[in-house]
Structures are given as structure tokens and as C-alpha cells.
1. So what's the range 64-148 giving for Cα Rg divided by 2.2 N^0.38 Å, two decimals?
2. Which of the lysines could a cross-linker span from K165 if the Cα-Cα distance has to be under 21 Å and same-chain partners fewer than 8 positions apart are dropped?
3. Please quote Rg/Rh for the range 132-204 to two decimal places, taking the Kirkwood radius as Rh and restricting both calculations to Cα atoms.
4. Can you give the translational diffusion coefficient of the range 169-272 in µm²/s, computed by Stokes-Einstein from the Kirkwood radius over Cα pairs at 4 °C and 1.567 mPa s?
5. Along the positive direction of the dipole of the range 345-421 (beta-carbon charges: Lys, Arg +1; Asp, Glu -1; about the Cα centre), which of Q363, V407, S389 reaches farthest?
6. For the chain, what value does the Rg/Rh ratio take when both radii are computed over Cα atoms and Rh is the Kirkwood radius, given to two decimals?
7. Taking Rh as the Kirkwood radius, which is the inverse of the mean 1/r over Cα pairs, what is the Rg/Rh value for the range 345-421?
8. Highest first, please rank the peptides 225-236, 399-410, 285-296 by the mean number of other Cβ atoms sitting within 10 Å of their residues.
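What follows draws every value from the coordinates through simple rules; no lab data is involved. Predicted, not measured: the structure shown is a model, and the values here were computed from it. Note that each Cβ is placed from the backbone with ideal geometry, even for glycine, and that neighbours are counted across all protein chains shown.
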Amino acid sequence: MIEKQPSCDDVSEPELLPVDEARRRLFSSLKPVTSSEDVSIASALHRVLSTDVKSSVNVPPEANSAMDGYALHESSIPALGEANLTVVGSAWAGKPFPREIKTGEVVRIFTGAVMPAGADTVVIQEHVQAHDDSIDIDDSVVAGKNVRQAGEDVAIGQVILTRGKHLQAADIGVLASLGIQSVSVFRQLTVAFFTTGDELQALDSDSSAGLAPGMVYDSNRYTLSALLSCLQVNAVDLGIVRDNEHDTRAALEHAASIADVVITSGGVSAGDADFVTRAFHDLGDVSFWKLAMRPGRPLAYGTLGKAAFFGLPGNPVAVMVTFLQFVQPALRHLAGRLDVNPVQLPARCLSRLRKSPGRVEYQRGVMSVDDAGELVVESTGMQGAGRLSSMSAANCLIVISSEADGVQPGDRVGVQPFHGLLPG
Ligand code: AMP
Ligand code: MG
């Protein structure tokens, strides 16, 4: 009888590390960068603030009109019936009315124009009867209406953006509205990466003859490069490293000497583990995590000198899934960001999905909103860890909890949208 060894197909291995626990270990062992630099707000998009930003001004700086109409003081509003008020001038955006107004006077005012001194209310032009030099208003005018108060958007002294904020387009606009031209952000991480495998053919090798027998194109390096380019890091592509201890060692040593983070793909499954393990154990402190997830069970994680190290599996889908679940959150954490984990939403699954209990599964899905306005998700079909096309056909990952024993149509699942999950 064959005595079976432990393998990736086993579902109930007691030592499998749950995904949340793995993330917790990552965050507690990785120390975010501390040094910072000043950058112009024009190039601060997707950078991470290293200090709180306080406003030294009010936005808007002065009370102004929210509508086109007439500015007046509330004492000009009749208690009952109508009143005739004298138009004493105009206020335009950028051209204020120069003097204080009195009860019985109004100023023709346009949206964005500063409220004249003495005025606290704007009555919209549709609610007045206009004559040549005066208007009639009635008792329906509400005191204080249609005025944007000074500082109502941002007040002097208010902390408007906090340390650790990953700057979005709106933040850049807010900074500009405060007159702030540059901000202090954490320095960018340098991330060195390479792929491993004797079977890998580089796309830039002489490929006029096509793919050599037994070879596959090295897609992981391009996937990793694309994933990293969205994360505002300095990515250093170190090419393909062949499956032997000497080359692996040399590449790891070089990578660790130039980068904050080193990422590799392949060479961490049982068959490869020998030479990789030896190289790791000599160079740093690396452990092989057997994660309670599919795809992407083996993950090597640790430190090489001062660099953090992630040894991802070789399977192209597993590379992406482990990157999105672990490496991306870790890089965000290291970069000083406070929002690090993938966004996950509840959705109703329309497909029947096969799965065994004991591990979280990340399957490829297409999510949409159905006629009833509910978020629903369908499988992209075959889910093999080597089928990168399933990832490309998907717009989300379907997250099926560890306990679940398959999914029936109509069941609730989690979805991680690529829009929002993918770096940025
Ligand atoms: P490994 O984890 O090295 O055993 O690789 C697992 C599977 O992924 C094998 O079928 C490899 O050929 C494939 N693979 C590994 N690295 C790459 C890569 N860089 N690009 C495409 N496929 C890869
Ligand atoms: Mg390999």
C-alpha cells in the first residue's frame, strides 16, 4: 500500500496558518518607514502623508452667496406681507460690493460673490419681483439662507488630513484650496523582485524561434511589475534566476542589499524547497508558511538582512492572489498607510462553487448589480491556479470562508473588487 505524504490537496492539516493570523504576524513584524520628504502637491497623488495637515485659513475665506439673487440683512424681511427694497449695487464673484448696506437696501449678488458687510441673507432671484432700481420681497424669505459661511468647509486650525493618509485626488484639491503647495510624505519603498525557474523564457530573449521546448514565458515578472507600478514604489526588476542554490543566493543577497522589500515567485513548493531553503537559511530569517488558503498555500516570509522578504508561489494565479492578500497590505503598511487591507463586500453568488472546508478560497468572479439593485457575483468558470486568463476575465475575487463546504446559487459570499482592491 502507498503511504501518502502531506500535500497541497490535504484539507485538514492542523498547522495551516489562517489568513488573518498571517496578516497579523506580518503587520506586527514589519516596521513602517519613518523618513520623509517634501513633495509638491502636483506630484503627491498616491503618496502617504507623514504629518497631519492643519489649515491656517478658512475655506471659504469669507461668507459668500450660494445662489444668484439679492443680499440683504434679515431686518429687511417683512414680518407680514411684502416690502420694497432698494437695489444699491452689485457683487460678483471676485468683485465684492465696497460698502456696508443698511436695512431697506439690497445688493444684486451672484454665486460665489462675497457677502456685502451688513448682509446675512440671500433671497434667490426667482423669489422676488424686480423693478428698475428696487425689488419686492415677501415674508416667506428665510433669514440666513443661501449663504456659505466663512470656514464652513474647513476652519482655521482644523486638522484636515492626518498622518498615514494615502492621498487621493480630492485630498490634492483640498490641499490646493488651503493654499498649501507642498506636503511632507513618507519616502518611497524600493522593492526588488525576480522570478525563479529553469523552465522560464524571458520575453526579451531572442524569441524569433518562439518558445523553446519545455519552456513557458515568464509572465509573473510582468504581473508583479504591473502590480507594483500601481503602488508608488521604486520597483527593481532583477530578471529570471535559475533553479540552483548559487544563483538564488547571489540574487537574494543583491536584492536585499538594494531594497526594502524583496519579492520572488516560484521555488517555494516542496519539490524546490531544498535549494531555496538552504539559500534562505544562510542569508536571513525566513519561514515557510503553509497558509489556510487556496490558491497560494506556500508563502516564504521573513527578513534578509534589513529587507523584508516574500517568496510567492510560482503559479500565476497564486502569485496574484498572495500578492493582493499579503504583499500589497504589507507594502501599504510599510509605506506608512493606515488603510491597508483589501476591501470586501457581501454579495449573492449566482454560481454553484465547489470547495472543501478547512481553507479560505479566492475564486475569480464577475460581479454586477442585478435588476433589484443587489450586488451579485458569478464565477468565471474553471479555477485552476495556473489559469491566469480566469483572473483577467474577472473583476473581483470571490472569497469563500474557511468553514464553507461549497457554495449553492443564492448563498452569500464576500467579494473583493479589483477596482479598489488593485493598488492605488
Ligand atoms: P513553482 O512554484 O516554481 O513550482 O511553479 C509552479 C508553476 O508555476 C509551474 O507550472 C511553473 O512553470 C509556473 N511558473 C513558475 N514561475 C512562473 C513564471 N514566472 N511565469 C509563469 N509561470 C510560472
Ligand atoms: Mg519553479
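1. So the Cα radius of gyration is 0.93 times the expected 2.2 N^0.38 Å.
2. Within reach: K31, K54.
3. So for the range 132-204, dividing Rg by the Kirkwood Rh gives 1.41.
4. Estimated diffusion coefficient is 80 µm²/s.
5. In the range 345-421, that residue is S389.
6. When Rh is taken as the Kirkwood radius, the ratio is 1.18.
7. Rg/Rh: 0.94.
8. 285-296, 225-236, 399-410
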